[in-house]
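J.: To start, I am sharing the structure in question, which I have written as structure tokens.
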Amino acid sequence: MARKSPEEILQMRAEMLKGDPTFWRHPVAEAVLELFAEGKAVTPESMIAHLQEMRHPDDVMLRGAQLEAAIDRLRKVIMQKD
């Protein structure tokens with residue numbers, strides 16, 4: 001299987017986000033549970049930090065896109081509060 005170019009990956013991510021408006025939910029749920037398990041506060045800011053730590057350069061495209069979608073969604077929540 002040939003590697004995708006960065007442009008192809010961005011296009012595929014955009015298509016996934018259009019097809020599933022809840023695409024971001026799984027990483028958010030995972031972050032909430034992990035923060036609870038660690039006894040840490042669960043806030044949009046702490047979840048963003050946790051999601052950023054979950055990123056890995058070798059993430060498969062789908063996982064990386066989900067993490068980015070979750071971070072984007074949480075940032076929107078923060079902006080709405082301000």
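The values are calculated or read from the model by the stated rules, or taken from the named source; none is laboratory data. Fair warning: this is a prediction, and the values are worked out from it, not measured in the lab. FYI the Cβ positions are ideal-geometry reconstructions off the backbone, even for glycines, and counts take in every protein chain you see. What goes into the accessible areas is simple: the full protein's heavy atoms, side chains included, and nothing from ligands, DNA or RNA. Shrake-Rupley method; radii C 1.70, N 1.55, O 1.52, S 1.80 Å.
J.: Say each of E8 and L33 gets a label point 7 Å from the Cα, pointing the same way as Cα to Cβ; how far apart are those two points in nm?
T.: According to this spin-label approximation, the distance is 3.3 nm.
J.: Once phi is turned into ³J(HN,Hα) by the Karplus curve 6.51 cos²θ - 1.76 cosθ + 1.60 with θ = phi - 60°, what whole-Hz value does each residue of the stretch 35-42 show in order, with x for glycine and proline?
T.: Whole-Hz 3J(HN,Hα) from phi for the stretch 35-42: 5, 4, 4, 7, x, 9, 5, 10.
J.: Same structure again: Among K4, K76, what's the order by accessible area (1.4 angstrom probe), most exposed first?
T.: The ranking, largest first, comes out as K76, K4.
J.: Please compute P(r) over all alpha-carbon pairs of the stretch 1-53, binned at 5 Å starting from zero, and give each bin as a whole-number percent.
T.: Each 5 Å bin holds this share of Cα pairs: 4, 18, 19, 15, 17, 13, 9, 5, 0.
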